[in-house]
Structure formats: C-alpha cells, structure tokens
Amino acid sequence: MTQHFGYRTTALEAIKGIDLRGKSAIVTGGYSGIGSETAKALIEAGAAVTIACRDLDRAQETAAKIGAAALALDLGSLASIKKFAQAYSASQPALHILVNNAAVMACPHDLTSDGFEMQFGTNHLGHYALTRLLLPQLNNADGARVVCLSSTGHLLSPVVFEDIQFEQRTYDPWLSYGQAKTANSLMAVAMQQRYQADGIEAFAVHPGGIMTNLQRHMTQSEITARGWVDAEGNINERFKSVAEGASTSIWAATSPTLNGLGGCYLEDCGLATIHKSQPGAPSGVMHYAVDVNLAEQLWTLSETLIEAKIPGYFA
C-alpha cells in the first residue's frame, strides 16, 4: 500500500483529493476535540455531516460554525439512540460514513440509564446499538465505511466476558476503559465479518494521544504523574494536535487505499502491528482486540444485553 502519511499527518492532509459531494456522514461526539476536526474535514471534502452528541446546544453551536447539522444523541440511553436513529433515517435514506467517535474515559463507577456499566455501556453498547439501527441507511449507501475509535487503552484489558459489568471484581476506571476500547476494536472486526458482502467496511482506529476534554475525569496531578504534561503544565511534545488526532479517523473513513482491508486496526494513518504479548511501547494492537471469534462472541452478547433491557429493540 503506497501512501506517505504518518504520525503528524493532519485531517485535511489525509482527505486531500477526496470528493465526498453527495455523501452523508455522522460523527458522534463531533462538537469538540478530534470529533469536531473530523466533522470539519469531511465537510471540507463536500460531505453532509450530522454531529450527534448529548449536549445539543453545544452541538448546534459547533454545527453552525462549520456548516453541519446537529441531532441529540445520548449513547448512555437506548431510548435516545433509537430516537436519533429514527429521526436521522426519516431525513436521510443513505449513510456513507459513520464515525463512532464519542467516549468517556476513566470515569468513576457509574451506570447508564439502562443499568450498564458506564464506560462499556456508553463507549461500546451505545455505538453498537446506533450502528445496528442505522444498518438500513448504511446498506443504502452502496459502499459505506464505519469507523470505531479504539485506543492504546485497549492494551490495559481484553473484554472480560465473565464480568463485563464489574459485578464480581473491584471497579477500576482504567481497566474499564481498556475493556471498552478493546470492545470498540472487536466491533469493527465483527462488522466486517457480517456486512462486508453488503458493501460495508469497518475499521478500528487509534487516534493517538491528544489533550482534549476526554481527560476531564482525571486530576491534574494524575495527568502530570503520567508524563502527559510537565510541572509547568506544558503538554508532552509526543502528543498530537486535534488536527493530527483526527487524521487516522479521516483516513479510515475515506481512503481508497483501504478498500478490501476492513476489519483492520489503524494508527498513524497506517496498519497497526498485531502483538501476541504486551508490547514494550504503547503502539500496535493486541491479538485479543482483532480476534474474529471474540468479536462474534461480543456481538452476540451485546445484542442479548440490549434485547434483555428492551425486548424487540432491533426488530
């Protein structure tokens, strides 16, 4: 695969030469951070973009600035997800690009409105439900891309199927985040296995380290202790800008060089190395996050969990 992108590629560089006129896209959490940069790049290429997030006022404010539409979406509420999908489907017959970007990270223990552990319930189950409900629009696109944002956080934990909800083990915000980010990657694998014959390709993406409001549940001392900022508050030079952080999502959503490569885990606008054991540096993807059998197990379990809460949800 010939390309010249890398760690410092920006979203606009990644989308240069791509024509998305007549194409529609959704970016969850697209009102700030890399979500906003992703939306702006897609619009720059001509796409009709809908920003989907819980804070509709902020979404509308961003949408007005960049020329997007906005719809309310609370990924922690199955009812809200269904309402969003119904509203979007009523106005848009096809969906060409779905960027599952929104996330919570390392939050204190909490539950979604449907009783799921917050990080797994929001980051994975919320996006799973949204994607399932939008399948008719994805199918109608005659060639669609689904981008699932994962993270090097997935290195912290596989999906612990025996206790996903932390009902038996002590809750750890980082293990919870890691499990959810592994689930995001496995969802891309399962999507590819199930829907590639319908012209839908899915990719998992690690955007890189970026300082955004994703760190809102961390204390300043914790951020400093991790080396993300120094004592004076200067951000580690290894961190990406939001424009650089959005580039791999954009590349995954639009690059023709990725045709036929769905199901892969991407980082720095390239294919990630698959590791059988924990790598020495926070890069690449662990084997358990791209395992076809685990992806299928998670897909089935996700459907079961949601249908148990709301019977007939996907009917």
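The values are calculated or read from the model by the stated rules, or taken from the named source; none is laboratory data. Because the structure is a prediction, the values reported are computed rather than measured. All Cβ positions, glycine included, derive from the backbone under ideal geometry; neighbour counts span all protein chains shown.
Filtering the range 78-97 to residues that are crowded, with 17+ Cβ neighbours inside 10 Å and without any contact (Cβ under 8 Å) to a residue 40 or more places away in the chain leaves only S80. The residues on offer are A243, A252, A204, A231, and the sole one that is modelled with pLDDT under 95 and under 30 Å from G46 (Cβ atoms) is A243. Considering the range 287-315, the residues that are under 19 Å from the mean Cα position of the chain (by Cα) and not in a helix (DSSP H, G or I) include one that is nearest to N259 (Cα to Cα), namely V290.
Each residue in the range 243-286 was checked for being over 14 Å from S150 (Cα atoms), part of a helix (DSSP H, G or I) and in contact with a strand residue (DSSP E or B) (Cβ under 6 Å, 6 or more places away or on another chain), and 1 of them qualify.
Which residue is modelled with the highest pLDDT, if the candidates are limited to the range 43-62 and must be in contact with a Phe, Trp or Tyr (Cβ under 8 Å, 6 or more places away or on another chain) and farther than 13 Å from L130 by Cβ? Don't jump to the end; show me each part of the working.
Applying the first criterion (in contact with a Phe, Trp or Tyr (Cβ under 8 Å, 6 or more places away or on another chain)) to the range 43-62 yields 50-53, 55, 58-59, 61-62.
Right, trim to farther than 13 Å from L130 by Cβ and you get 51, 55, 58-59, 61-62.
Working: I51: 97, D55: 91, R58: 91, A59: 92, E61: 93, T62: 93.
Out of the qualifying residues, it is I51.
The criterion of at least 1 residues that are touching a Lys or Arg at 6+ places or on another chain (Cβ under 8 Å) and surrounded by fewer than 17 Cβ atoms within 10 Å (Cβ to Cβ) is met by the following strands (runs of 3 or more DSSP E) wholly inside the range 1-76: 69-72. Among the conditions (1) out of contact with any Lys or Arg (no Cβ under 9 Å at 6 or more places or on another chain); (2) within 23 Å of E117 (Cβ to Cβ); (3) hydroxyl-bearing (S, T, Y), S283 misses just one, which is (2). Checked against (1) within 20 Å of the chain's Cα centre (by Cα); (2) within 17 Å of P207 (Cβ to Cβ), F5 meets all criteria but (1).
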